[in-house]
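Visitor: One structure coming up, written as structure tokens, with questions to follow.
Please treat every number below as a calculation from the coordinates, not as lab data. Please read these numbers as outputs of a predicted model, since none were measured by experiment. Counting neighbours? That spans all protein chains shown, and the Cβs are built from the backbone with ideal geometry, glycine included.
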Amino acid sequence: MSSLSWTTYQERLRDERLVLFLPCGALEQHGPHLPLGTDTLLSMAIAQSVAEQVNGLVAPVINYGYKSQPKSGGGQYFPGTTSLDGQSLSHITRDVIREFARHGVKHLVVVDGHYENQWFLTEGIDLALREIGPSSRLRIMRLEYWDFCTEETLSRVFPDGFPGFALEHAAVIETSLMLHYYPNLVHLDRIPVDDAAVFPPYDLYPPCIHWVPSSGVLSSAKAASAEKGAVIAQQVTESIAKAVVHEFMSEKLNDGG
């Protein structure tokens, strides 16, 4: 979207089947082997991959996210992790969506790449729809890309058992996807050898720094590979594309619209 002139963008909007994708990430530590922008880079790459399958358009990414949490992102202790308050993220999301509605966007997919963003993006969507009003034709899908990983894919990527998405911070899935999409930004020789983090079934405030491995990685990324990244990327983007077509395009395709 950002590379188009306003007139070209306006022309694209005349297509009733156009789907606009809004990637959302974060600036957050991802261990010594991955860049701070991992969540942003992956949400952009996946949004672009899906858009290519449905002739969509990708908007500029929201590249700051909600505060990193110890059990899912290592927490706010690490240099480089730069986060928004929840209200700030919700209001940014609201404002951007409100503008898309003003442009005439009818189908929007919010692609979240940061675990902690989910409910604040949801709040921003709700606030935007409330302001836009029921007369708007805008429909919105919000998703976290990892939720589209099938059991078959997870069993191929984790033959010894899947540790869960929260502990996958800077681990096999993200490292494999980065090796697939951005191999020049991954430093395999810097992957730490820490054991997987073990957290109690409660939270404390202020958070306990000693709960989090000093590397910031919550489970080992040693089993990551570009081949696994390609498997994840293909399966996830195809599944998201099918969901987009089902929700936004099926009726128009069926009636020739």
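Visitor: Could you sort 5-17, 45-57 so that the peptide with the highest average Cβ count within 10 Å comes first and the rest follow in order?
Guide: In descending order of packing, they fall as 45-57, 5-17.
Visitor: How far apart, in nm, are two points set 7 Å out from the Cα along the Cα-to-Cβ line at Tyr202 and at Thr8?
Guide: It is 5.7 nm.
Visitor: Next question. Residue by residue through region 5-12, which ³J(HN,Hα) values in whole Hz follow from phi under the Karplus form 6.51 cos²θ - 1.76 cosθ + 1.60 (θ = phi - 60°), with glycine and proline marked x?
Guide: Rounded to whole hertz, the list is 6, 5, 6, 5, 4, 4, 5, 4.
Visitor: Per residue of region 218-225, what does 6.51 cos²θ - 1.76 cosθ + 1.60 with θ = phi - 60° give for ³J(HN,Hα)? Whole Hz please, x for Gly and Pro, Karplus curve as stated.
Guide: Values, residue by residue: 8, 8, 5, 9, 4, 8, 5, 7 Hz.
Visitor: Report the Cα centroid-to-centroid distance between region 66-82 and region 176-251 in angstrom, as an integer.
Guide: 15 Å
Visitor: Which far-off residues, 5 or more places away or on another chain, put their amide H under 5 Å from the one on Arg142, with H placed in the peptide plane?
Guide: Val110
Visitor: Here's something else I'd like to know. Given the chain, what percent of its DSSP beta bridges are antiparallel, to the nearest 5?
Guide: Antiparallel: roughly 10 percent of the beta bridges in the chain.
Visitor: Please list, in order along region 137-154, the HN-Hα scalar couplings obtained from phi with the Karplus expression 6.51 cos²θ - 1.76 cosθ + 1.60 (θ = phi - 60°), rounded to whole Hz, x for Gly and Pro.
Guide: 8, 5, 10, 10, 10, 10, 8, 9, 4, 5, 5, 8, 5, 7, 4, 4, 5, 4
Visitor: With r as the distance between the Cβ atoms of Phe162 and Asp189 and R0 = 30 Å, compute the FRET efficiency 1/(1 + (r/R0)^6) and round to 0.05.
Guide: It comes out at approximately 0.70.
Visitor: As I understand it, the value is the acute angle between the Cα axis of helix 38-54 and the longest principal axis of the Cα atoms of the chain; what does it come to in degrees, rounded to 10?
Guide: Long axis of 38-54 versus the principal axis of the chain: about 40 degrees.
Visitor: Right, here's the next one. Quick query: amide H of Leu84 versus all other amide H atoms, modeled in the peptide plane; which residues come in under 5 Å with a sequence gap of 5 or more or a different chain?
Guide: HN-HN under 5 Å from Leu84: Gly65, Tyr66, Lys67.
Visitor: Sticking with this structure for a sec: Across the chain, how many lysine pairs, 8 or more apart or on two chains, come within less than 27 Å at their alpha-carbon atoms?
Guide: Pairs that pass both the separation and distance tests number 7.
Visitor: OK, next. Using label points projected 7 Å from each Cα along Cα→Cβ, tell me how many nm separate Gln53 and Gln234, to one decimal.
Guide: Calculated label separation equals 1.2 nm.
Visitor: Can you give the charge dipole size of region 97-155 about its Cα centre, rounded to the nearest 20 debye, using +1 on the beta carbon of Lys and Arg and -1 on the beta carbon of Asp and Glu?
Guide: In debye, rounded to 20, region 97-155 gives about 600.
Visitor: What residues have an amide H closer than 5 Å to that of Phe21, excluding those fewer than 5 places away on the same chain, when H is modeled at 1.01 Å from N in the peptide plane?
Guide: Correct list: Leu57, Val58, Ala59, Val109.
Visitor: Return the calculated 222 nm mean residue ellipticity for the chain, to the nearest 500 deg cm²/dmol, obtained by summing -39500 (n - 2.57) across DSSP H runs with n ≥ 4 and dividing by the residue count.
Guide: -12500 deg cm²/dmol
Visitor: Any chance you could give the angle, 0 to 90 degrees and rounded to 10, that helix 172-181 forms with the longest Cα principal axis of the chain?
Guide: 50 degrees
Visitor: How many nm separate the modelled label positions at Glu247 and Glu227, each set 7 Å beyond the Cα in the direction of the Cβ?
Guide: 3.4 nm
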